[in-house]
Structure formats: C-alpha cells, structure tokens
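Student: One structure, as structure tokens, below. Some questions next.
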Amino acid sequence: MTDSVNDEIIINSVKDSELIILAYGSMPNKNKQVKQRLDDLLALLKKKRLGKKIRMLTDEEKEKCFHQLSVKVRKQWMSD
C-alpha cells in the first residue's frame, strides 16, 4: 500500500536530480497492483513537471523497460 507520505518522499528525492532512471522490468505486465502504482507514480511525476527527467533502461529497440540485471542490458547501458 502506498500513501501521500511515500509520494512526498519520492518527489523530494528526485526533484533536484538530473535524471530519473526507471528499470522495473516485466513486473507491471504481471501484476495489476504494480502496474497501477507505476501509472500513478508516472502521473505524479508528470504533474510535478518532472516528466522530462524520466529515462528508462532499455535495449536498442527501445520497446521495453528492462530490469538492470536483465541479460539484454546488463553488460551495456545505453543512453540518449
């Protein structure tokens, strides 16, 4: 369960950061609660005008967000 205190901590932690790197893997595709939380968090970040800072760990095709230990990306991280 999440609440406004968690959201406030997340926002305060990332507002002064240069980038927000997401590397959540396939979990949102497998769990509805995780998917909903991710959607809520992304909406909150965009509402706070932090959306431009968001980057996802992905492969060359840039189709999915990978977990940082995924075989497809663990040896080389790519950035825009």
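No value in this document is a laboratory result; all are computed from the given coordinates. Keep in mind the model is a prediction, meaning the values are calculated, not measured. Because the Cβ atoms are built from the backbone with ideal geometry, glycine has one as well, and the counts that use them run over all protein chains shown.
Student: Within the range 1-43, which residues are within 18 Å of Lys64 (Cα to Cα), charged (D, E, K, R) and surrounded by 15 or more Cβ atoms within 10 Å (Cβ to Cβ)?
Tutor: We begin by selecting, within the range 1-43, every residue within 18 Å of Lys64 (Cα to Cα); these are 20-32, 34-39, 41-42.
If we keep only those that are charged (D, E, K, R) as well, we get 30, 32, 35, 37, 39.
Matches in the range 1-43: Arg37 only.
Student: Which members of the range 52-69 meet the condition of being touching a strand residue (DSSP E or B) at 6+ places or on another chain (Cβ under 9 Å) and closer than 14 Å to Lys15 by Cα?
Tutor: The answer is Lys53, Ile54.
Student: Enumerate the pairs (first residue in the range 1-27 and without any contact (Cβ under 8 Å) to a residue 60 or more places away in the chain; second residue anywhere and acidic (Asp, Glu)) with beta-carbon separation below 8 Å, excluding pairs fewer than 6 apart on the same chain, so at least 6 apart or on different chains.
Tutor: Cβ pairs passing all conditions: Thr2/Asp40.
Student: Are any residues in the range 28-72 hydrophobic (A, V, I, L, M, F, W, C) and without any contact (Cβ under 8 Å) to a residue 12 or more places away in the chain, and if so, which ones?
Tutor: Pass one, the range 28-72, residues hydrophobic (A, V, I, L, M, F, W, C): 34, 38, 41-45, 50, 54, 56-57, 65-66, 69, 71.
Scanning the range 28-72 gives Val34, Ala43, Leu69, Val71.
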